[in-house]
Amino acid sequence: MPLPPGKIPVDILKQIVFKNLGATRKEVILGPAAGIDCAVINLGNKSLIAKTDPITGALERIGWLAVNVNANDVSTFGVEPAFFLSCILLPEKANKKTVEIISTQMDKAARELGMAIIGGHCETTPGLKNPIVVGCAMGVAEKNDYVTAAGAKAGDWIILTKTAGIEGTAILASDRENKLSRTINASVIKKAQEFFSQISVTKEALTAYKTGGVHAMHDPTEGGVAGGIHEMADASNLGFKIYEEKVPIASETIQICKSFEIDPFYLIASGSMLIAANRNSALKIVRRVKRKGILATVVGEFLPSPEKRTMIFRDGTEGELARPICDQLWMALAKS
């Protein structure tokens, strides 16, 4: 049976990938695990936070996205991203201009975040239809001065920054503009394309962490907000209750998802961030993030039982929040 598009299912990760991790090194404090965003390596009195992720579903701003998406994961540890490496894979007919576009995009994104690009690889690859950029971001913290997605505690409130489906909205508005223009106003599509400017979560991540009371942070990417909440619960061995009416969704996202008949709650959501914080600190975090000009909303809470993972729907009924099989972006791209 073929695998679904996007992330490999968690059960396959556990059965195969996590059982083949090479040698054991005492410096590795945190390695691969379900729902965990980065690795942690202890180096004397410092902790190195490292992450790698590809950009495969977007044709526009691929270099810019590669930097920001990887930097986001480092930021969710409460650590400032500092270094970036890339592996750029190009179609056989790519030219010098393609290399220049991707490189200048990465340069712009890295400068905005104060990151140094320290190395990588670039090649033309037989069989590719579109470029792929695999990035690796790293940050340095004082030893043990960070949080992970596995630190959430029962009773923590769940804060979501910005809105659901940000990256997916931007990608579809850019890559499927012709299709969308048949049913959606051009001004709406243009505004949706500008959602790329919201992709970075570094500002809200560092603001939340410095405020205090944060037990865990995670950026929902493939699988959307729903997938991100499940991943955070997996990592922390908890359940959750989410209130559908409290999850903010931009009107542009709603219109685009309606056009493709997909669910925005399961649409790739880079640009938003999930924060688990104790109840005494949650509203303070929300206020401080909002002072930075970023929307932040309490959308639910973590529960002690890992089996209880529910959504309170708009009509007041309660039901299970399904785990995504694959991201809705792939479904939308397949339809068109």
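The values are calculated or read from the model by the stated rules, or taken from the named source; none is laboratory data. Being a predicted model, the structure only gives us computed values, none of them experimental. A quick note on method: Cβ atoms are made from the backbone with ideal geometry, for glycine too, and the neighbour counts reach across all protein chains shown.
Within the stretch 311-325, work out how many residues are among the hydrophobic types (A, V, I, L, M, F, W, C) and assigned to a loop (DSSP other than H, G, I, E, B).
First pass over the stretch 311-325, keeping only residues among the hydrophobic types (A, V, I, L, M, F, W, C): 311-313, 321-322, 325.
Narrowing the set further to residues that are assigned to a loop (DSSP other than H, G, I, E, B) leaves 313, 321-322, 325.
Of the residues in that region, 4 qualify.
Would you say Val69 is assigned to a helix (DSSP H, G or I), under 23 Å from Thr161 (Cβ atoms), outside the structural domain of Ala205 (by TED's automatic domain parsing) and touching a residue at least 24 places away in the same chain (Cβ under 8 Å)?
Judged against the criteria, Val69 is a match.
For a quick check of your reading of the model, give me the residue pairs whose first member lies in the stretch 105-126 and is not assigned by TED's automatic domain parsing to the domain that holds Val74, whose second is loosely packed, with under 13 Cβ neighbours inside 10 Å, with beta-carbon atoms closer than 7 Å and at least 6 apart or on different chains.
Listed by first residue and then by second, the contacts come to nothing, as the list is empty.
Of all the strands (runs of 3 or more DSSP E) wholly in the stretch 81-167, which have at least 3 residues that are more than 21 Å from Pro54 (Cα to Cα) and of a type in the set (A, V, I, L, M)?
Details: elements: 83-90, 116-124, 132-142, 157-161.
In the stretch 81-167, 157-161 are the strands (runs of 3 or more DSSP E) which contain 3 or more residues that are more than 21 Å from Pro54 (Cα to Cα) and of a type in the set (A, V, I, L, M).
Of the residues Pro220, Pro306, Pro248, only one is in a loop (DSSP other than H, G, I, E, B) and either among the hydroxyl-bearing types (Ser, Thr, Tyr) or at pLDDT below 95 (or both); which?
On the way: Pro306 fails: either among the hydroxyl-bearing types (Ser, Thr, Tyr) or at pLDDT below 95 (or both); Pro248 fails: either among the hydroxyl-bearing types (Ser, Thr, Tyr) or at pLDDT below 95 (or both).
The conditions single out Pro220.
Kindly indicate whether Ile262 is surrounded by fewer than 24 Cβ atoms within 10 Å (Cβ to Cβ) and under 30 Å from Glu177 (Cβ atoms). Quick ask: steps written out before the conclusion?
Working: surrounded by fewer than 24 Cβ atoms within 10 Å (Cβ to Cβ): yes; under 30 Å from Glu177 (Cβ atoms): yes.
In short, yes.
Could you pull out the residue among Lys96, Lys153, Lys129 that is without any contact (Cβ under 8 Å) to a residue 24 or more places away in the chain, of a type in the set (D, E, K, R) and more than 21 Å from Phe196 (Cβ to Cβ)? First the steps, then the outcome.
Values: Lys153 fails: without any contact (Cβ under 8 Å) to a residue 24 or more places away in the chain; Lys129 fails: without any contact (Cβ under 8 Å) to a residue 24 or more places away in the chain.
None of the others qualify; the one that does is Lys96.
Pairs under 7 Å by beta carbon, first residue assigned by TED's automatic domain parsing to the domain that holds Ile262 and exposed (fewer than 10 other Cβ atoms within 10 Å of the Cβ) in the stretch 177-189, partner in a helix (DSSP H, G or I) and of a type in the set (Val, Ile, Thr), six or more apart or different chains?
Every condition considered, no pair remains.
On the given criteria, is Leu329 in contact with a Lys or Arg (Cβ under 8 Å, 6 or more places away or on another chain), part of a helix (DSSP H, G or I) and of a type in the set (A, V, I, L, M, F, W, C)? Let's see the steps before the verdict.
Numbers: in contact with a Lys or Arg (Cβ under 8 Å, 6 or more places away or on another chain): no; part of a helix (DSSP H, G or I): yes; of a type in the set (A, V, I, L, M, F, W, C): yes.
So Leu329 fails the test.
Name every residue in the stretch 165-185 that is in contact with a Phe, Trp or Tyr (Cβ under 6 Å, 6 or more places away or on another chain) and among the hydrophobic types (A, V, I, L, M, F, W, C), in order of residue number. If you could, list the steps in order and put the result at the bottom.
Of the stretch 165-185, the ones in contact with a Phe, Trp or Tyr (Cβ under 6 Å, 6 or more places away or on another chain) are 166, 169-170.
Across the stretch 165-185, the qualifying residues are Ile166, Ala170.
Only one residue in Pro4, Pro32 is part of a loop (DSSP other than H, G, I, E, B), touching a residue at least 40 places away in the same chain (Cβ under 8 Å) and farther than 30 Å from Val99 by Cβ, so which one is that? I'd like the intermediate steps shown before the answer.
Working: Pro32 fails: touching a residue at least 40 places away in the same chain (Cβ under 8 Å).
The unique qualifying residue is Pro4.
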